[in-house]
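The structure appears right after this line, and notes come after that.
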Amino acid sequence: MARISVDTGKCIGSAQCVLAAPDVFDQDDDGFVTVLDASPSGDAESTARTARGICPAQAITVHD
Amino acid sequence: MTSTDLVPFMMRRPGVPFPPPEYEGFRTKPGLTKAALPSGETVWLVTRHEEVRAVLTDPRISSNPTHEGFPRPSRTVGAPSADDVPGWFVSLDPPDHNRFRKALIPEFTVRRIRALRPAVEQIVDHAIDQMLAKGNTAELVEDFSLTVPSLVISALLGVPKVDRDFFEEKTKVLVTLTSTDEQRDKASEHLLRYINRLITIKSKRPGDDLISKLLQGGLLTPQELSGVSMLLLIAGHETTANNISLGVVTLLQQKQWIDDDRMIEELLRYHSVADLVALRVAIEDVEIGGQLVRAGEGIVPLVAGANHDPDMFERPDEFDPSRSATGHVAFGYGVHQCLGQNLVRLEMDVAYRGLFRRIPTLEVAVPLEELRFKYDGVLFGLHALPVRW
């Protein structure tokens with residue numbers, strides 16, 4: 001299990017995390033990232049890591 | 001070759017979809033490649049995936065063409081600055097850029113884009129109806145690939161249905177090969193005047209569209225909104241059309257992938273139509289891939305180079321949707337990553353579903369070697385795509 005944190009100040013609302021890891025991330029009405037599951041495990045954890053890797057604003061941190 | 005040798009740039013692509021073969025040589029040698037643009041200016045070419053991402057996220061590297069040394073692809077063509085066109089926010093760095101992105105992202109969320117699906121389906125269906133009504137042949141670029149994104153953008157902006165033919169006709173002039181510079185200037189003038197009028201109308205009678213919402217949001221001035229609208233139009237039209245057309249050719253060659261959802265990401269990676277779009281300049285000395293780039297030197301991160309980097313994607317020149325194309329930089333990277341990327345994905349998906357379901361016998365009407373690719377364009381694509389069924 002990993003712990004997820006996001007920097008909404010960096011987020012540019014590209015929504016790549018929502019597409020890659022829909023169980024972990026969502027967007028608020030303003031388009032910024034919100035975390036649905038801050039401690040994902042299993043498949044959700046691996047999709048969260050993918051999201052971290054592709055976030056164009058590098059706004060996602062996965063704490064091991 | 002040492003980094004002081006100049007290579008001429010741009011290069012021709014040899015065929016679908018491969019980036020120019022020279023890119024491989026650039027990627028395998030240490031450091032970056034110094035190239036001469038047709039304008040005579042020199043720039044650093046970046047071709048490795050990791051370094052393209054590094055360039056596009058480094059705050060010491062700017063998108064602002066008013067900085068000394070910003071690359072200009074030719075003597076006459078240069079990227080406008082936000083001083084030239086208020087609202088042209090792709091030419092702004094953070095923090096000036098942030099206000100525009102913040103104003104626009106609510107209009108491009110995953111939910112908003114999903115809600116547009118029925119409207120896009122209607123536009124695609126209508127374009128196919130018109131093609132079918134004309135007979136059993138079509139020129140797909142003009143009859144379909146350019147039509148669909150033009151109508152989608154006009155719907156998004158809130159262009160009334162009665163004006164959409166006008167809007168489509170003018171937007172096509174901007175991107176059609178046979179248009180003269182004078183025709184392009186005139187079309188651009190007409191569109192800008194039209195958009196300004198639309199903004200005035202929407203400020204009095206708001207609707208459920210992007211222009212009305214941005215006016216109500218109050219983050220942008222009407223003048224900036226006009227520049228933003230033109231930018232959305234230009235950024236979302238020919239790029240999307242090129243992706244749709246190239247995708248049709250590639251999918252017709254490998255029909256087994258037509259119903260596989262993973263093909264969209266792989267098409268985006270494989271064709272990398274916006275190879276040369278993300279021009280940059282260093283505003284401080286910065287080291288990239290072991291190469292010292294001085295403040296004031298131009299940088300061209302090559303998206304097709306990054307997307308065909310074998311260290312990132314195995315067998316990069318093969319079209320294989322079963323790979324994970326995730327991590328491609330077809331839409332760029334960093335704060336300027338394409339705002340409309342999820343709309344492009346939607347348009348491609350709806351376009352292919354429509355075309356291949358409704359016209360199952362669709363085929364390219366000429367031998368592939370006769371297709372006219374935009375080998376020398378800033379954007380890669382097809383000038384024309386004759387099809388029959």
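For every helix of n ≥ 4 consecutive DSSP H residues, a contribution of -39,500 (n - 2.57) applies; sum these over chain B, divide by its total residues, and give [θ] at 222 nm rounded to the nearest 500 deg cm²/dmol. Can you show the working numbers first?
Numbers: 13 runs with 166 residues, N = 389.
Calculated at 222 nm, the ellipticity per residue is -13500 deg cm²/dmol.
Applying a 10 Å radius around every beta-carbon, put B:106-117, A:8-19 in order of their mean neighbour count, most first. Provide the component values of the computation, followed by the final result.
On the way: B:106-117: 17.3, A:8-19: 21.7.
Result, highest mean Cβ count within 10 Å first: A:8-19, B:106-117.
For chain B, set up a GNM with springs between Cα atoms under 10 Å and report which of B:Glu41, B:Glu169, B:Glu182 has the largest fluctuation.
The residue that fluctuates most here is B:Glu182.
Given Cα positions, please report Rg to Rh for the stretch A:3-63, the hydrodynamic radius being the Kirkwood one. Walk me through the numbers before you get to the answer.
Values: Rg = 9.9 Å, Rh = 10.9 Å.
Rounded to two decimals, Rg over Rh is 0.91.
State the dimensionless ratio Rg/Rh of the stretch B:57-133 (Rg: radius of gyration of Cα atoms; Rh: Kirkwood radius).
Working: Rg = 18.7 Å, Rh = 15.9 Å.
My calculation of the ratio gives 1.18.
Gap in Å between the Cα centre of the stretch A:6-35 and the Cα centre of the stretch B:258-333?
23 Å
Pairs to check: B:Lys102/B:Lys172; B:Lys29/B:Lys374; B:Lys186/B:Lys213; A:Lys10/B:Lys102; B:Lys102/B:Lys186. Give those whose C-alpha atoms are more than 22 Å from each other in this structure.
Details: B:Lys102/B:Lys172 30 Å; B:Lys29/B:Lys374 28 Å; B:Lys186/B:Lys213 29 Å; A:Lys10/B:Lys102 11 Å; B:Lys102/B:Lys186 32 Å.
Listed pairs above 22 Å: B:Lys102/B:Lys172; B:Lys29/B:Lys374; B:Lys186/B:Lys213; B:Lys102/B:Lys186.
How big is D, in µm² s⁻¹, for the stretch B:7-388 by Stokes-Einstein at 20 °C and 1.002 mPa s if Rh is the Kirkwood radius over C-alpha pairs?
Numbers: Rh = 21.5 Å.
The estimated diffusion coefficient comes to 100 µm²/s.
Report the semi-axes of the equivalent ellipsoid for the protein assembly as shown in whole Å, largest first, where each axis is √(5λ) for an eigenvalue λ of the Cα gyration tensor.
Working: eigenvalues 183, 146, 130 Å².
Gyration-tensor ellipsoid for the protein assembly as shown: 30, 27, 25 Å.
How high is the FRET efficiency between B:Ala295 and B:Asp376 when r is their beta carbon distance and R₀ equals 25 Å, given to the nearest 0.05? Intermediate results must be reported in sequence, preceding the final value.
Numbers: r = 31 Å, r/R0 = 1.24.
For R0 = 25 Å, the calculated efficiency reads 0.20.
Taking beta carbons within 10 Å but only from partner chains, what does the mean come to for residues A:14-22?
Per-residue shielding by partner chains comes out at 5.
Could you work out the Kirkwood radius for the stretch B:1-59, taking every pair of different alpha carbons, averaging 1/r and inverting it, reported in Å?
Working: mean 1/r = 0.0806 Å⁻¹.
With all distinct Cα pairs of the stretch B:1-59 included, I get 12.4 Å.
Using a 7 Å offset from the Cα along the Cα-to-Cβ direction at both B:Glu287 and A:Ser5, what is the distance between the two label points in nm, to one decimal?
Computed distance between label sites B:Glu287 and A:Ser5 equals 2.9 nm.
Could you tell me the largest-minus-smallest coordinate of the C-alpha atoms of the stretch B:62-216 on each of the three principal axes, in descending order and whole angstroms?
Here the spans come out as 54, 39, 29 Å, largest first.
For the protein assembly as shown, what proportion of DSSP beta bridges, expressed in % and rounded to the nearest 5, is antiparallel?
Numbers: 25 of 31 bridges.
Here the antiparallel bridges make up roughly 80 percent for the protein assembly as shown.
Each value in this text was obtained by applying a stated rule to the coordinates, not by laboratory testing. Note that this is a predicted model, so its numbers are computed, not measured. Backbone-built Cβ (ideal geometry, glycine too); neighbour counts: all protein chains shown.
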